[in-house]
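Okay, structure first, notes after.
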Amino acid sequence: PELTTDEARALRITELVSEFSTPYNCCEPRVTNIARAAETLDGWVIRPGWTFSLNDALGPRTTERGYVEAPQILGGKLEDGVGGGVSQVSTTLYNAAFFAGMEILDNTPHQFWISRYPEGREATLSYGGPDLVFKNDWDAGVLIDAVAGDNAVTIRFYSSKLGRRVETETGERSDFQEPEINETVNPELE
């Protein structure tokens, strides 16, 4: 093990401090990528004062590392790419970090809103591109528990509550603009 028993106890990881889930449809190729990313994150410990980068934790999304082709957003459109769907893990992790009261240092919203995510609280991810970065600014460690089930990915943070409480509410939309409609004709289709 990387830690002795005394070192692990000194991290003060004693209770659930936040939890967030996002749904998906079972058995789509993107679920393979979500499950692979969750498996990589599960059991990750962020020590006090450490900065966590999701891209650093997951590394490149390649077929050799168990990722498959699935839809991902590229240039405002859905296109197949190896690792498509891992942004759902990013958004779920973002919300777990948000509700734990972590200091969010870097996140980028998707190019368009996806209804399974809370408005204004989502984070896209691309290796070599947008990242999710947050800092454990607590004086206790944080353990990430990540599980991809049949219909949702859930991420839990375990630590010590240390008196933090996060509340949120969604207000009315402002400065809303109707989206521009672009139509692309594929001559190969009827």
Checklist outcome for this item: Dividing the helical contributions, -39500 (n - 2.57) per DSSP H run of n ≥ 4, by the residues of the chain yields a 222 nm value, nearest 500 deg cm²/dmol, of -6000 deg cm²/dmol
Next on the checklist: I'd like the accessible area for Asp145, computed on protein heavy atoms only with a 1.4 Å probe and all protein chains in place. Round to 10 Å², please.
Outcome noted: 40 Å²
Item to check | Per-selection Rg to Rh, region 68-190 - Cα, Kirkwood hydrodynamic radius | outcome: 1.04
Checklist outcome for this item: Summed over the other residues with a beta carbon less than 15 angstrom from that of Arg65, with K and R at +1 and D and E at -1, the charge totals -2
Next on the checklist: Per 0.36 nm of contour for each residue apart, how much would the distance between Asn182 and Thr4 grow if the chain were fully extended, relative to their Cα-Cα spacing?
Outcome noted: 58.3 nm
Checklist entry - Under unit Cβ charges (Lys, Arg +1; Asp, Glu -1), what dipole magnitude, rounded to 20 debye, does region 1-142 have relative to its Cα centre? => result 220 debye
Next on the checklist: Against the 2.2 N^0.38 Å scaling, with N counting residues, where does region 5-147 land? I'd like the Cα-based Rg ratio to two decimal places.
Outcome noted: 1.05
Checklist outcome for this item: With all protein chains in place and a 1.4 Å probe, Lys135 shows an accessible area in Å² (nearest 10) of 70 Å²
Checklist outcome for this item: Thr51 neighbourhood, Cβ < 13 Å, K/R = +1, D/E = -1, net charge -3
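Excluding Lys77 itself, calculate the net charge of residues whose Cβ lies under 14 Å from the Cβ of Lys77, where each Lys or Arg counts +1 and each Asp or Glu counts -1.
Here the count lands on -4.
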Checklist entry - Under a 5 Å amide H to amide H cut-off, with H placed in plane at 1.01 Å, what residues pair with Trp138 once short-range neighbours are removed? => result Gly49
Item to check | Candidates Glu169, Glu64, Glu178, ranked by Gaussian network fluctuation over the chain, Cα under 10 Å, top entry | outcome: Glu178
Checklist outcome for this item: Relative contact order of region 97-190 (C-alpha contacts under 8 Å, at least 6 apart) in percent is 26 percent
Item to check | Fraction of accessible area attributable to carbon and sulfur, the chain (%, probe 1.4 Å) | outcome: 47 percent
Checklist entry - What is the helix-to-structure angle for 86-100, meaning the angle in degrees between its Cα long axis and the longest Cα principal axis of the chain, kept from 0 to 90 and rounded to the nearest 10? => result 40 degrees
Item to check | Under-5 Å amide H pairs with Gly149, H placed in peptide plane, nonlocal only | outcome: Thr154
Checklist entry - What's the angle, to the nearest 10 degrees (0 to 90), between helix 29-41's Cα axis and the longest principal axis of the chain? => result 20 degrees
Next on the checklist: For Arg173, Arg156, Arg61, give me the order by solvent-accessible area with a 1.4 Å probe, most accessible first, ignoring ligands, DNA and RNA.
Outcome noted: Arg173, Arg156, Arg61
Checklist entry - For the chain, what is the accessible area per residue in Å² when the probe is 1.4 Å? => result 60 Å²
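The values are calculated or read from the model by the stated rules, or taken from the named source; none is laboratory data. All values reported here derive from a predicted model rather than from experimental measurement. Positions of Cβ are backbone-derived with ideal geometry, glycine not excepted, and every protein chain shown enters the neighbour counts. Keep in mind that these areas ignore ligands, DNA and RNA; they rest on the heavy atoms of the full protein, side chains included. Shrake-Rupley method; radii C 1.70, N 1.55, O 1.52, S 1.80 Å.
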